[in-house]
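Below is one structure; the comments refer to it alone.
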Amino acid sequence: MLVRPWDREKDYDTLVKWWSDWEFGTVPKECLPPDGIMVEIDGTPVCAGGLYVGEGTQFGFMEWIVTDKQAEQRDVHNCLKLCIDSIMELAKDKGIKLVYTATKEQALHKRYTKYHGMVLAESDVKTFLRDLDGSYSKDLTWISDDEQIEKHNK
């Protein structure tokens, strides 16, 4: 397995394919954090995740954890462990002391607590977003759950 920093330009098409395969909306490239990790096996990407760094703080936000839906489950498990551990190391290298994340994916809930020493901090959260210039409001599927997508499409 190879761990490398993700390259938003070169890796974006791979991320878009994975998001599509999982029926997730497409995160705009300019909204991805510059810091992220890509894990490969024999030159083939298997999973990735990003780390937003709060400038001037010791706080980071891990987001956009995604895998190749076609990859072998054992490979996905091992690569995800390496990916998330590498994001934590990246955070430490950047002086981050707290890494926060949010997900509705049950498999990630288990993984975060079992393998990565994370603590469940909130269990009934609603998230909010404001599009300051209106350029993203047309398609928010990448950051909305099914219930909100249905409401917006009415």
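The values are calculated or read from the model by the stated rules, or taken from the named source; none is laboratory data. Quick caveat: nothing in here was measured; it's all calculated off a predicted structure. Every residue, glycine among them, receives a Cβ derived from its backbone with ideal geometry; neighbour counts consider all protein chains shown. Accessible surface areas use protein heavy atoms only, side chains included; no ligands, DNA or RNA. Shrake-Rupley method; radii C 1.70, N 1.55, O 1.52, S 1.80 Å.
A compact table of results
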quantity: GluC sites (Glu not before Pro) restricted to DSSP loop in the range 1-87 with at most 12 other C-beta within 10 Å; calculated: E23, E55, E72
quantity: Formal net charge of residues neighbouring K10 (Cβ-Cβ distance under 12 Å; K, R +1; D, E -1); calculated: -1
quantity: Structure-derived semi-axes √(5λ) of the Cα gyration tensor in Å: which label, when the choices are [x] 24, 19, 17; [y] 22, 19, 16; [z] 54, 19, 14; calculated: [x]
quantity: CD proxy at 222 nm, helix term only [per DSSP H run n ≥ 4: -39500 (n - 2.57); per residue of the chain; nearest 500]; calculated: -11000 deg cm²/dmol
quantity: Å² of accessible area per residue within the chain, as computed with a 1.4 Å probe and no ligands counted; calculated: 67
quantity: Most positive-pole-ward Cα, I65, M118, Y12, against dipole of the chain from beta carbon charges; calculated: M118
quantity: GluC sites (Glu not before Pro) lying in DSSP loop within the range 74-154, provided at most 12 other Cβ fall within 10 Å; calculated: E105, E122
quantity: Cα gyration tensor shape of the range 1-47, rounded if a/c is under 1.5, else prolate or oblate by comparing a/b with b/c; calculated: oblate
quantity: S20 - accessible surface, heavy atoms, 1.4 Å probe, Å² rounded to 10; calculated: 60
quantity: At most 16 other Cβ within 10 Å, DSSP loop - chymotrypsin sites (Phe, Trp or Tyr not before Pro), the range 88-140; calculated: F128, Y136
quantity: Cα centre as origin, Lys/Arg/Asp/Glu Cβ charges: the chain dipole, Debye; calculated: 400
quantity: Inter-centroid distance (Cα atoms) of the range 9-26 relative to the range 73-112, Å; calculated: 19
quantity: Cβ-defined net charge surrounding S144, 10 Å radius [Lys, Arg +1; Asp, Glu -1]; calculated: -4
quantity: Test item: Cα-centred dipole of the range 91-154, Lys/Arg +1 and Asp/Glu -1 on Cβ, debye; calculated: 360
quantity: Solvent exposure ordering (accessible area, 1.4 Å, most first) of L15, L132; calculated: L132, L15
quantity: Accessible-area composition of the chain, carbon plus sulfur, in percent [1.4 Å probe]; calculated: 50
